[in-house]
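Only one structure is covered here, and it is reproduced in the block below.
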Amino acid sequence: MTQTLLAIENLSVGFRHQQTVRTVVNDVSLQIEAGETLALVGESGSGKSVTALSILRLLPSPPVEYLSGDIRFHGESLLHASDQTLRGVRGNKIAMIFQEPMVSLNPLHTLEKQLYEVLSLHRGMRREAARGEILNCLDRVGIRQAAKRLTDYPHQLSGGERQRVMIAMALLTRPELLIADEPTTALDVSVQAQILQLLRELQGELNMGMLFITHNLSIVRKLAHRVAVMQNGRCVEQNYAATLFASPTHPYTQKLLNSEPSGDPVPLPEPASTLLDVEQLQVAFPIRKGILKRIVDHNVVVKNISFTLRAGETLGLVGESGSGKSTTGLALLRLINSQGSIIFDGQPLQNLNRRQLLPIRHRIQVVFQDPNSSLNPRLNVLQIIEEGLRVHQPTLSAAQREQQVIAVMHEVGLDPETRHRYPAEFLWWSATTYCDCQGINS
């Protein structure tokens, strides 16, 4: 007989603003058995993350209000549990892999300190025993040379490596229920497959239930036993994974399954001129030691890369996390020092100063990987997106800039009414789309 691990019963969650309450999760009911994986899918803003965060009561109250329903773990209510009871559940019996590792990891503490804290608090382990457990878990999630990385801080890791550390942190407690909110978003396909296999193995070892939130339908096909589809705060369809993919009943589910990208690249015009020519690009970061922090060596992270890109062409740069992809992009933008040759539209970039680079940067735009790091939290969306226009098109009036911002927000599917809000008010996926806007509009 299967054991019900988690039961969400007619849950409704709202956000209060003055005298108005906006319902963002509406009458949702879900159930997870021990050893089962339930995938929660739906578009950004459909209420998936709010539902997940409500399980451990991690949403700030106010403004959040639990309007109706209940959440039960082993039959005991979590919505009405005391803080002491919740402390015994959070991170211990129920662990969570958060969507944004750079926000979730403490920037002031090393990896070893943060991972040891988990084992010390939840499993009472001493440092010597904990170190072996930490190294084993980091190795299983694909962190290379784990022993050397323990003294690193979060900012010294790539986005994919930070995500893997978050996964390791959640798995160290060997939880009964794992809530995974987009856990493989920043991972390359090889590491993604490794993580999914690890989750399957641990699920078998621990009889662990899992709530897996994702946009990636191919992962859902491989991992989930059952699937729940959310739209506008409601759960519109639930079924076994094989049945749902074979014969979806709700129109939104049908639309969702038909929305996976397809098609062929746009053909290149002939002849296509060379836009970017990179030869023998190399990037090395200094290794400093001692009280005076003298440079004792260099860590070469990009080694003699050469490629060309023609006008109208798309070049895909792929590789595992930490392989140097983002570093290559930063070097092309001259945001970090590098060696080698970078020629853009016939003009060498390596020896140009900031003033000389300004008109060229108008023609080379970037969408950064982490919206929380690249969006200024003190500026609203309008100010962020129009910043490029202020620099590169200074003759435009404020009204003209605002009209261009509204137009580009429409192009990427964002509501222009949100242009006066701030980055912290948006979910990760929405913030990423605002980064896209910033790049397109400049």
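No value in this document is a laboratory result; all are computed from the given coordinates. Owing to the predicted nature of the structure, the values given are computational and were not obtained by experimental measurement. Note that we place each Cβ from the backbone using ideal geometry, even for glycine, and neighbour counts take in every protein chain shown.
For the stretch 233-312, calculate the relative contact order in percent as a whole number, restricting contacts to Cα pairs under 8 Å that are 6 or more residues apart.
On the way: 82 pairs, mean separation 21.8, N = 80.
Relative contact order comes out at 27 percent.
The residue list A331, L292, P348 was ranked by how far each Cα lies along the charge dipole of the stretch 272-364 toward its positive end, using unit charges on Cβ atoms, and L292 comes out on top.
Please say if the stretch 265-391 is rounded, prolate or oblate, where rounded means a/c under 1.5 for a ≥ b ≥ c the square roots of the C-alpha gyration tensor eigenvalues, and otherwise the choice is prolate for a/b larger than b/c and oblate otherwise? Show your work: numbers first, answer last.
On the way: a/c = 1.70, a/b = 1.17, b/c = 1.45.
Cα axes put the stretch 265-391 in the oblate bin.
In terms of distances greater than 26 angstrom between alpha carbons, the cross-link table entries K222/K255; K148/K289; K48/K325 yield K48/K325.
Residue-normalised convex hull volume from the C-alpha trace of the stretch 27-117: 150 Å³ per residue. Within a straight-line Cα-Cα reach of under 18 Å, K293 can be paired with the following aspartates and glutamates, leaving aside sequence neighbours fewer than 8 residues apart in one chain: D152. Look at L56, L309 and count the other Cβ atoms within 10 Å of each Cβ; fewest to most, that gives L309, L56.
In debye, nearest 20, what is the charge dipole magnitude of the chain about its Cα centre with +1 on Lys and Arg Cβ and -1 on Asp and Glu Cβ, if you could check? List each step's numbers first, then the result.
Working: 43 positive and 42 negative charges, 307 e Å.
Here the size comes out at about 1480 debye.
When the Cα positions of L150, V189, A168 are compared along the charge dipole of the stretch 141-192, L150 comes out farthest toward the positive end, with charges on each C-beta of Lys, Arg, Asp and Glu.
Exposure proxy ranking for Y240, Y422, based on other Cβ atoms within 10 angstrom of each Cβ and starting from the fewest, stands as Y240, Y422.
Considering only alpha-carbon pairs that sit under 8 angstrom and 6 or more positions apart, the relative contact order computed for the stretch 4-257 is 28 percent. Placing one equal scatterer on every Cα of the chain and applying the Debye formula, the log10 ratio I(q)/I(0) at q = 0.06 Å⁻¹ is -0.31.
With a ≥ b ≥ c the root eigenvalues of the C-alpha gyration tensor of the stretch 254-307, is it rounded (a/c under 1.5), prolate (a/b larger than b/c) or oblate?
oblate
Note on M125, M208: ascending count of other Cβ atoms within 10 Å places them as M125, M208, the fewest first. Computed over neighbours whose Cβ is under 13 Å from that of I360, the net charge equals +4, Lys and Arg +1, Asp and Glu -1.
Near M230: Cβ cut-off under 15 Å, other residues only, Lys/Arg at +1 and Asp/Glu at -1. The net charge is -1. A straight line joining the Cα centroids of the stretch 1-42 and the stretch 174-251 runs 15 Å. With a cap of 12 neighbouring Cβ atoms within 10 Å, and only residues DSSP puts in a loop, list the trypsin sites (Lys or Arg not before Pro) found in the stretch 110-165. For trypsin sites (Lys or Arg not before Pro) across the stretch 110-165 that sit outside H, G, I, E and B with at most 12 neighbouring Cβ atoms in 10 Å, the list reads R126, R144.
Annotation: aspartates and glutamates with alpha-carbon distance below 19 angstrom to K303 (same-chain offsets under eight excluded): D277, E279, E320.
Sorting check: for 87-100, 282-295, which peptide has the highest mean count of neighbouring beta carbons within 10 Å, and how do the rest follow? Can you show the working numbers first?
Working: 87-100: 19.6, 282-295: 10.9.
Ranked from most to least packed, the peptides come out as 87-100, 282-295.
Report the semi-axes of the equivalent ellipsoid for the stretch 4-257 in whole Å, largest first, where each axis is √(5λ) for an eigenvalue λ of the Cα gyration tensor. Provide the component values of the computation, followed by the final result.
Working: eigenvalues 180, 95, 59 Å².
In descending order the semi-axes read 30, 22, 17 Å.
The relative contact order of the chain, computed from alpha carbon pairs under 8 Å that lie at least 6 residues apart in sequence, is 14 percent. From its DSSP helices (H runs of at least four residues, each -39,500 (n - 2.57)), the chain gives a residue-normalised ellipticity at 222 nm of -10500 deg cm²/dmol. Taking a sphere under 15 Å around the Cβ of H74 and counting the other residues whose Cβ falls inside, with K and R at +1 and D and E at -1, yields a net charge of -3.
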